[in-house]
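Inspection log for the structure reproduced underneath, given as structure tokens.
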Amino acid sequence: MENKLLEIKDLYVNAGEKEILKGLNLNIKKGEVHVIMGPNGAGKSTLANVILNNPEYKKISGQIDFEGENINDLSTDKIAKKGIFMSFQMPEEIPGISTINFLRTAKNNITNKPVKIFEFKDSVKKFSEELNMNQKLIERNLNVGFSGGEKKKNEILQMLILNPKLAILDETDSGLDVDAIKIVSKGIEMYKSSENAVLIITHNTRILNHLDVDYVHVLINGKIVKTGTAELAKEIDENGYTQFKNL
Amino acid sequence: MDTHNLKIYNEREKMKTQVEDINRNIYDIKNKDDYEIKIQGLNREIVEEISRLKNEPDWMLEIRLKALKMYEELELPTWGPDLSELNMDDIATYVKPKSKLNSSWEDVPEDIKNTFDKLGIPEAEKKSLAGVGAQYDSEVVYHSMKEDLIKQGVIYTDMESAVRDYPEIVKKHFMKCVPISDHKFVALHAAVWSGGSFVYVPKGVKLDFPLQSYFRLNSPESGQFEHTLIIVDEGASLHFIEGCSAPQYNKVNLHAGCVELYVKDNAYLRYSTIENWSKNMMNLNTKKAIVGKNAQMDWVTGSFGSKVSMLYPMSILNGQGSKTEYTGITFAGGGQNLDTGFKVIHNAPNTSSVINSKSISKDGGACTYRSLVRINENAKNSKCSVSCESLMLDDISRSDTIPVNDIRTDEVEFSHEAKIGKISDKTIFYLMSRGLSEEDAKAMIVRGFAYPISKELPVEYAVEMNNLINLELEGAIG
């Protein structure tokens, strides 16, 4: 029981009038790395957004529990404070707010106490160096004028600084070159521990070459149709999703 | 302390680490409406009475009477916000506080001094200002400047003293940059003006620290009509800061000040304003600058308060190679109609202007950016670049852009960029996913939007502006 982090039971979700998730179940325990794969439009990003209660999506029925507590109706910031983090597919640009100040505000909010400035700066420096990030980026306005790769690295930096219990990575690998994927994978390795879990949402298998994963789920048409190990990803790589369409 | 209170306490403590906490109450301190003289309404006898009380020379009374006649002849402007609520019979045109002009805070009456203390004026004076003037209702109650500036010939005093002590300079400049016929509220101003600051910076004198005048209107149903006249002589340099606020009343208050700035050849003047009038204020203020050869005039303006504002500072670039820059932000909440902008006349070759305006509206507030850029035929090789951006925080707020560009020569570089946008739900979600509440997320977006302006302000004012933004956004979530 104690190891339970996320538990999704029979979740139905709409975006506007459109049904996106249609009875999704998912269990994630501490120490695990899960991958959700699926074709475009299957509902992968919806799942990430709905866990954080993005108001654009409406839960019709079902339940999301985090550490045994129903978080269906919690606001996004409260969910973040419970320890769920999401790396965005397209991180937002915030003019006029420096990355470092944003990180500090986020850390203050998540931990609910003021950070110690020097410690904080040291850890930002350490992690951003590990991620091969240009130190000048940290002083620049949040994501403004960042390249696609820089934005994704910045998401991973935030994950490392905020140190959540569950990190959801929504298409973090998409649009990255081989080197950037290696660095992002390194970031995930640094973060991973027996006390937390990772949920990777992706439509390709490249990132799995650099990471040990415990479970691979195939999401098609709003439902998880198959769950397996890393072997399953290889199979998808070779044969695509058509084989699951009739499941 | 029970756990609930402890939690609230912790939340508050936490907030303080972000931006220094601020209490709206400091702007809302209402002192007793305690005055020596309060004159209501507007007619010839009243104008004569104000002049007599001030012991003015005849030439000033003549200007006042001429202006009164002009006021009666001129129509209310119909092209902007509705001003029909304003009834001059209900407005006190002159309110003399129970205080004389002092040069030591110790001598300022307790309740008035307390107000300025809470607004942080004496403290700022000690830390970062070269001189301070403080006006309470219609009269200046405190004026002081550092010794070494007096020795260098800098003059910084209240306008009444200037009329008495430097009549020739005042006569030459008063209502000359802004003619009394400019519009109805300039005429009104000239008829009943009281208080304000006079600054003269002699040739070549450069002030390292700013001078600041603060205008506080305490008396309900009254007007403030201060006159600011600044002359920065050749090669001299000055940063002047103007602050204003008033407590909230149910009835209309009026502010019709006038600012006349003369920036002589090779001189520099920066004029910064943080305006935080209460939301029953009609702010119909007029500001103009005449800029000489190779001189520069910079305006930095933050407009937060008032019910209605019509405010369009103006630079007249008369000297070859003169420059002006306007950086302004306007923030309109519910029930506010803030019509602001900038005017520039390029009237000599090689002149340049940069206009950077931002506005934020929420809860049904309306912001209008209204501007005039005129580049005269003789202004060859001039440059003008305009950028205005608006941010609306909801669907019920308004934002309009009304630029007028009148360019009479081909040999110019002119660019105009306008952006109107709504605060993005995606951005709010992104910030909330990092633990920020909806309120904090909006405040962060707005602070970022305002940053290009706030970074132009002296640091204490940048902090004050951020605090005002946070205040404005408190409870903004319905």
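All of (1) surrounded by 15 or more Cβ atoms within 10 Å (Cβ to Cβ); (2) within 12 Å of chain B (Cβ to nearest Cβ); (3) in a loop (DSSP other than H, G, I, E, B) hold for residue A:133 with one exception: (2). Scanning segment B:147-162 for residues that are of a type outside the set (S, T, N, Q) and surrounded by fewer than 18 Cβ atoms within 10 Å (Cβ to Cβ) gives B:147, B:148, B:150, B:151, B:153. With a requirement of 3 or more residues that are closer than 20 Å to residue B:28 by Cα, the helices (runs of 4 or more DSSP H) lying completely within segment B:106-190 that satisfy it span B:110-118, B:121-128.
Taking the stated definitions as given, is residue A:100 part of a helix (DSSP H, G or I), more than 7 Å from chain B (Cβ to nearest Cβ) and touching a residue at least 12 places away in the same chain (Cβ under 8 Å)? It is true that residue A:100 is part of a helix (DSSP H, G or I), more than 7 Å from chain B (Cβ to nearest Cβ) and touching a residue at least 12 places away in the same chain (Cβ under 8 Å). Scanning segment B:440-449 for residues that are in contact (Cβ under 8 Å) with a residue 12 or more places away in the chain, in contact with a strand residue (DSSP E or B) (Cβ under 9 Å, 6 or more places away or on another chain) and facing chain A (nearest Cβ under 7 Å) returns B:445, B:449. Could you look through segment B:450-474, keep only residues that are among the polar types (S, T, N, Q) and within 13 Å of chain A (Cβ to nearest Cβ), and pick out the one that is farthest from residue A:111 (Cα to Cα)? Ranking the candidates gives B:454 first. Only residues that are within 19 Å of residue B:282 (Cα to Cα) and either surrounded by fewer than 22 Cβ atoms within 10 Å (Cβ to Cβ) or assigned by TED's automatic domain parsing to the domain that holds residue B:202 (or both) were counted across segment B:246-265, and they come to 6. Look at (1) assigned to a strand (DSSP E or B); (2) within 21 Å of residue B:390 (Cα to Cα) and you find that residue B:335 fails only one, number (1).
From the list A:80, A:106, the one residue that fits, being under 19 Å from the mean Cα position of the chain (by Cα), at the interface with chain B (Cβ under 9 Å from one of its Cβ atoms), modelled with pLDDT of 95 or more and within 16 Å of residue B:447 (Cα to Cα), is A:106. Residue count for segment A:186-216 satisfying the condition of being more than 17 Å from residue A:172 (Cα to Cα) and in a strand (DSSP E or B): 1.
Quick grid of which residues meet (1) assigned by TED's automatic domain parsing to the domain that holds residue B:144; (2) under 21 Å from residue B:92 (Cβ atoms):
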{"residue": "B:210", "(1), (2)": "yes, no"}
{"residue": "B:218", "(1), (2)": "yes, yes"}
{"residue": "B:274", "(1), (2)": "no, no"}
{"residue": "B:291", "(1), (2)": "no, no"}
{"residue": "B:296", "(1), (2)": "no, no"}
{"residue": "B:306", "(1), (2)": "no, yes"}
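Count of segment B:196-217 residues, restricted to those that are of a type outside the set (A, V, I, L, M, F, W, C) and either crowded, with 24+ Cβ neighbours inside 10 Å or within 14 Å of the chain's Cα centre (by Cα) (or both), is 6.
Considering segment B:414-439, and only residues there that are away from every other protein chain (no Cβ under 12 Å) and under 20 Å from residue B:395 (Cα atoms), the residue that is farthest from the chain's Cα centre (by Cα) turns out to be B:422.
Among the residues of segment A:1-49, those that are under 28 Å from residue A:234 (Cβ atoms), part of a strand (DSSP E or B) and basic (Lys, Arg) comprise A:22, A:29. Just a yes or no: is a residue in segment B:120-129 within 26 Å of residue B:39 (Cα to Cα) and in the same structural domain as residue B:229 (by TED's automatic domain parsing)? No. In segment B:363-398, the residue that is nearest to residue B:350 (Cα to Cα) out of those that are hydroxyl-bearing (Ser, Thr, Tyr) and surrounded by fewer than 21 Cβ atoms within 10 Å (Cβ to Cβ) is B:385. Given the structure, is residue A:125 within 14 Å of chain B (Cβ to nearest Cβ) and surrounded by fewer than 21 Cβ atoms within 10 Å (Cβ to Cβ)? Taking the combined requirement at face value, the residue does not satisfy it.
The values are calculated or read from the model by the stated rules, or taken from the named source; none is laboratory data. If you're wondering where the values come from, they're calculated on a predicted model, not measured in any experiment. Don't worry about glycine lacking a Cβ; one is built from the backbone with ideal geometry, like all the others, and counts go over all protein chains shown.
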